[in-house]
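The values are calculated or read from the model by the stated rules, or taken from the named source; none is laboratory data. The structure displayed is predicted, hence computed values, not measured ones. So basically every Cβ, Gly included, is an ideal-geometry build from the backbone, and we count neighbours across all protein chains shown.
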Amino acid sequence: MIVDDEPVRATTHRWLTRLVVGLNLCPFASAPLREETVRIAVSDAREPQTLMADLLEEILRLHGTDLGAISTTLLVTPHTLQTFDDFNAFLGVAEDSLRALDLDGELQLASFHPDYRFAGSAPGDPGNYTNRSPYPILHLLREAEVSRAVTHHPDPARIYRDNIRRLEALGVEHLGAMLADCHHPPDDNPDPGLE
């Protein structure tokens, strides 16, 4: 596994900063990002079997690491599970792995994909952008942290409603452009005439 594929990591970090935190899609994401306890691991897997080995490694790493060092892990897979159907099929196997390791109550899996589509939604539904990302991503979370965050939130059910309202107001064209823009680093030279 490549754990320091910088362009993929940088793109993923921009997505977290600009969309997930910037649009407040997850009100619980800003603190771990600010505290630098979000691990972005990049898998070089070209087939699901290798990706599963990388996922198992990250599951065990997160489970065995102190919360202050790694609060959550994003396993980014830029070379496999490119279709959403393949990605969805893999998720079932990934969930089974958590159960097989008897970590089902300790860790949970969230999923993000460039073509993410909620069941029953149209492909162009802006709400799909709550889970659309630059690459396929398997997000490992600690259940105790999720429960704690939800308990301390004044109205957890409102998060989804607010997200949908916000995304619908922005529209799919703007959201698609924001997501695509995550692949481009910030322009360090704002004046194209300067060298």
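Some notes on this structure:
- The set of residues in segment 109-137 being among the charged types (D, E, K, R) and in contact with a Gly (Cβ under 9 Å, 6 or more places away or on another chain) consists of ARG132 alone.
- Filter result (at pLDDT below 95 and closer than 15 Å to THR50 by Cα) within segment 94-108: SER97
- Subset of segment 110-128 that is out of contact with any Phe, Trp or Tyr (no Cβ under 8 Å at 6 or more places or on another chain) and buried (at least 17 other Cβ atoms within 10 Å of the Cβ) - its residue that is farthest from ALA53 (Cα to Cα): PRO126
- In the set (1) at negative phi; (2) in contact with a helix residue (DSSP H, G or I) (Cβ under 8 Å, 6 or more places away or on another chain), the condition left unmet by ALA119 is number (2).
- Yes/no for LEU98 being among the aliphatic types (A, V, I, L, M), crowded, with 19+ Cβ neighbours inside 10 Å, free of Cβ contacts under 8 Å to residues at least 40 places away in the same chain and more than 22 Å from ARG9 (Cβ to Cβ): yes
- Taking the criterion of being in a helix (DSSP H, G or I) and touching a residue at least 40 places away in the same chain (Cβ under 8 Å), the residues of segment 17-52 that qualify are ARG18, LEU19, PRO32, PRO48, MET52.
- Check on LEU25, closer than 21 Å to ALA149 by Cα, at pLDDT below 95 and over 17 Å from the mean Cα position of the chain (by Cα): no
- Residue match in segment 147-167 (condition: hydrophobic (A, V, I, L, M, F, W, C) and either assigned to a loop (DSSP other than H, G, I, E, B) or modelled with pLDDT of 95 or more (or both)): yes
- Screening segment 53-94 for residues that are farther than 15 Å from HIS139 by Cβ and among the hydroxyl-bearing types (Ser, Thr, Tyr) and picking the one that is surrounded by the most Cβ atoms within 10 Å (Cβ to Cβ) gives THR80.
- Restricted to segment 101-131, and to residues there that are part of a loop (DSSP other than H, G, I, E, B), aliphatic (A, V, I, L, M) and in contact (Cβ under 8 Å) with a residue 24 or more places away in the chain, the residue that is farthest from TRP15 (Cα to Cα) is LEU101.
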